[in-house]
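Notes to accompany the following structure.
Rule-based calculations on the coordinates, nothing more; no lab input. Small disclaimer: the values here were computed from a predicted structure and weren't measured. Glycine gets a Cβ as well: all are built from the backbone with ideal geometry, and neighbour counts include every protein chain shown.
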Amino acid sequence: MGRWEPDAQGRLGRAALELYLDPGYEQTTVADIAARAGVTERTFFRHFADKREVLFAGSAAFQQTVLSAIADHTEATTALAAAAAGMDAAAAFLQSSPDPTFARRRAAVIAANASLQERELLKLATVTSASASALVERGFDADDAAIAAEAAMAAFRIAFERWIASDEPLDLRELVAEGVARFRSLA
């Protein structure tokens, strides 16, 4: 593909994921990704800071989806209900991917590399912290907001792991709701 073809960022993302799966993340260079996508390394760096960030390009949109849902869910009477609305929106965001295998393949790459696992945990911690702040802005107590944000994220993470591990199609939103309900029953 030539440089002039559209969607360079998308092509780079698809090429990187293919290469991260085979031959592997550590074995793949930016030059490999650019060549597979049919662009130059310079084009790669216009879209991504480094090869790791290809896997985390959607982080800002993911976080904004969560925070918008928390802010917009005005009928929530508890911090947990508002935080759960954020995780429900996150689940809908992931399920709306045009590539239904993307999340599973991305998770496999991350699971195979300790530095990527660390980056994923940092991303989730950032979303959790931002969620707690959004809950405080909504008027919830800071301690309640922190607990609710952590609980909702835990429910999301467990649901996500079940979702990508399943061989049959599952509804991630339902799994998140089940996780939040289980937290409520435990509390």
Counting each DSSP H run of 4 or more residues in the chain as -39500 (n - 2.57), what helix-only mean residue ellipticity at 222 nm follows after dividing by all residues, to the nearest 500 deg cm²/dmol? -23000 deg cm²/dmol
From Cα pairs below 8 angstrom and at least 6 apart in sequence, can you work out the relative contact order of the stretch 8-55, rounded to a whole percent? 44
What GluC sites (Glu not before Pro) does the stretch 61-139 have in DSSP loop regions with at most 13 other beta carbons within 10 Å? GLU75
How high is the relative contact order of the chain, in percent, counting Cα pairs under 8 Å that sit 6 or more residues apart? 20
Over the stretch 8-98, what is the mean sequence separation of C-alpha contacts under 8 Å (at least six apart), divided by residue count, expressed as relative contact order in percent? 22
In whole Hz, the Karplus estimates of ³J(HN,Hα) for the stretch 17-28 (6.51, -1.76, 1.60; θ = phi - 60°; x where Gly or Pro) are 4, 4, 6, 5, 6, 7, x, x, 4, 5, 7, 8
Karplus ³J(HN,Hα) for the stretch 131-142 (6.51 cos²θ - 1.76 cosθ + 1.60, θ = phi - 60°; Hz, whole; x = Gly/Pro) runs 5, 4, 4, 5, 5, 4, 4, 6, x, 7, 4, 4
